[in-house]
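Let me begin by presenting the structure, written as structure tokens, before commenting on it.
The values are calculated or read from the model by the stated rules, or taken from the named source; none is laboratory data. The shown structure was predicted, so the numbers you read here are calculated from the model rather than taken from an experiment. Because the Cβ atoms are built from the backbone with ideal geometry, glycine has one as well, and the counts that use them run over all protein chains shown.
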Amino acid sequence: MSDELVATPLLWGLRSMRAHVELFSERLTEFGYAPFTWRAKVRFAAQLARWAESNSVVARSLTERSITKALRRWPRVDPERGKAMLQFLEHLRERGVVRRPSPEPQSPATQLEQRYLDYLRDERGLAVATLVNYRAFVRELLHQRYGAGPVSVDALTAKDIATFQLRRIQTMGSGRAKLLGTALRSFLRFLFLEGETPIDLSSAVPMVRTFRNAAIPRYIAAPDVRRVLASCDAATAVGRRDQAVLLLLARLGLRAGEVVKLELDDIHWRSAELVVRGKGKLHDRLPLPKDVGAALARYLTTDRPRCACRRVFLRLRAPVRGLASAAAVTTIVERAIDRTGLKPPWRGAHLLRHSLATDMIRGGATLGEIGQLLRHRSPVTTEVYAKVDFEGLRGVALPWPGARGAR
């Protein structure tokens, strides 16, 4: 802490609480708060500490109720004071000074749901995104059927499962409906393995029929991709960060989640390679193109905030930490598209991945080369891009019956 802050009267006489305020101050500095905001938060934390000492409340006994009582000391309501005090309380909990409140008792359905998630994570090793998707379906099944009451899954029947599934898929697209069936089969296999059901009901889940590669990949033309990349303001820190993100999507075909998970140690500058943390916890190495490397180097040396976090891409506003999720990358893509005035039918981060593959196949690349760059585990996944090679398709298309030249 600065000498000016240590000398602040609010901090005198805090004894053991003073040390916690000082550590909180250091933590706020790591989060990259501006000096004005930092001073205000520390001042409010010190006020809470003084109130606690004057009321004989030790640090480990602080709670949200304590903060409510402390705030009554100030007649004027200041939302920032309450936020800062709650942030200080959370800091104490993270350091183990204050115990977190005991969780609410879980219903039997919630307990079973948690056991299933532990099984998926610890024994199956599934990704977090998969757990989130499966959890939503299983939670809905259990809570619709059992609510907060006792869970008797041993009485489940094939008819119960089919009824639930058929009712839900009426409001879903084919892809989501297929995912629902996969989640239900996984959960029912878990119940059987755990001895919760006398028979394996997973085979009773109706299959959702989908046609492989039925849709044409959604993409934008190469000139439009260049417009999206050029839309970032290279004169600002946010623009330079976003341009590095977009180049990874457009030049290497990374998925949004892979950009979020990229860490500093994944960039191998000497060998010009990038380690990509892909789906299924697999790691792949990709060559680092010159323009992508230059954008990353510019962002890292000029704009990336100093932070203990090892993620490459960080929030540029306090609290400074890694991008929260793939949704943050999708937002970067959407804003770039909005700046160009383009109106593609779909604006997700995958749009640039599809556009890269489309441009490659029209440039003469083979499906094998595209699958290798996009890191597809099966050639079947790459086959869909053959649909966008319109010139090649014209060469193999049969003439329309009755047309001129048809035999």
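Quick notes on this one:
- Residue match in segment 98-110 (condition: of a type in the set (Ser, Thr, Tyr), modelled with pLDDT of 85 or more, assigned to a helix (DSSP H, G or I) and within 25 Å of PRO206 (Cα to Cα)): no
- Of all residues in segment 73-111, those being of a type in the set (A, V, I, L, M, F, W, C) and out of contact with any Phe, Trp or Tyr (no Cβ under 7 Å at 6 or more places or on another chain) number 7.
- Considering (1) assigned to a helix (DSSP H, G or I); (2) farther than 30 Å from ALA19 by Cβ, the lone condition that PHE88 does not fulfil carries the number (2).
- Verdict on VAL208 being in contact with a Gly (Cβ under 9 Å, 6 or more places away or on another chain), touching a residue at least 12 places away in the same chain (Cβ under 8 Å) and surrounded by fewer than 21 Cβ atoms within 10 Å (Cβ to Cβ): yes
- Residues of segment 286-326 classified as assigned to a loop (DSSP other than H, G, I, E, B) and surrounded by 13 or more Cβ atoms within 10 Å (Cβ to Cβ), total: 17
- Which numbered condition ILE199 misses (of (1) in contact with a strand residue (DSSP E or B) (Cβ under 6 Å, 6 or more places away or on another chain); (2) part of a loop (DSSP other than H, G, I, E, B); (3) among the β-branched types (Val, Ile, Thr)): (1)
- Residue in segment 274-285 that is over 30 Å from GLU123 (Cβ atoms) and part of a helix (DSSP H, G or I) present: no
- Residue match in segment 327-343 (condition: crowded, with 19+ Cβ neighbours inside 10 Å and in contact with a Cys (Cβ under 7 Å, 6 or more places away or on another chain)): yes
- So LEU126, is it assigned to a loop (DSSP other than H, G, I, E, B), without any contact (Cβ under 8 Å) to a residue 24 or more places away in the chain and in contact with a helix residue (DSSP H, G or I) (Cβ under 9 Å, 6 or more places away or on another chain): yes
A quick yes/no check of all residues on (1) in a loop (DSSP other than H, G, I, E, B); (2) assigned by TED's automatic domain parsing to the domain that holds ARG315; (3) without any contact (Cβ under 8 Å) to a residue 24 or more places away in the chain; (4) surrounded by 13 or more Cβ atoms within 10 Å (Cβ to Cβ):
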{"site": "ALA40", "(1), (2), (3), (4)": "no, no, no, yes"}
{"site": "ALA46", "(1), (2), (3), (4)": "no, no, no, yes"}
{"site": "ALA70", "(1), (2), (3), (4)": "no, no, yes, yes"}
{"site": "ARG76", "(1), (2), (3), (4)": "yes, no, yes, no"}
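- Top-ranked residue in segment 111-130 [being at pLDDT 90 or above and hydrophobic (A, V, I, L, M, F, W, C); ranked as surrounded by the fewest Cβ atoms within 10 Å (Cβ to Cβ)]: LEU117
- Considering each residue of segment 80-95 in turn, none proves to be over 26 Å from the mean Cα position of the chain (by Cα), charged (D, E, K, R), surrounded by fewer than 17 Cβ atoms within 10 Å (Cβ to Cβ) and modelled with pLDDT under 90.
- Tallying residues that are at positive phi and at pLDDT 50 or above within segment 1-35 yields 1.
- Filter result for VAL380 (farther than 24 Å from THR330 by Cα, hydrophobic (A, V, I, L, M, F, W, C) and modelled with pLDDT under 85): yes
- Single residue of LEU193, LEU142 found to be surrounded by fewer than 14 Cβ atoms within 10 Å (Cβ to Cβ), out of contact with any Gly (no Cβ under 7 Å at 6 or more places or on another chain) and among the aliphatic types (A, V, I, L, M): LEU193
- ALA177 being in a helix (DSSP H, G or I) and closer than 17 Å to GLU113 by Cβ: no
- For ALA308, the requirement of being free of Cβ contacts under 8 Å to residues at least 24 places away in the same chain and among the small types (Gly, Ala, Ser) is not met.
- Number of residues in segment 269-321 that are of a type in the set (A, V, I, L, M, F, W, C) and in contact with a Phe, Trp or Tyr (Cβ under 7 Å, 6 or more places away or on another chain) equals 2.
- Applying a threshold of 6 Å to beta carbon distances and a minimum spacing of six or more residues, or different chains, the list of pairs starting in segment 233-260 at a residue that is part of a loop (DSSP other than H, G, I, E, B) and ending at one that is small (Gly, Ala, Ser) reads ASP233/GLY239.
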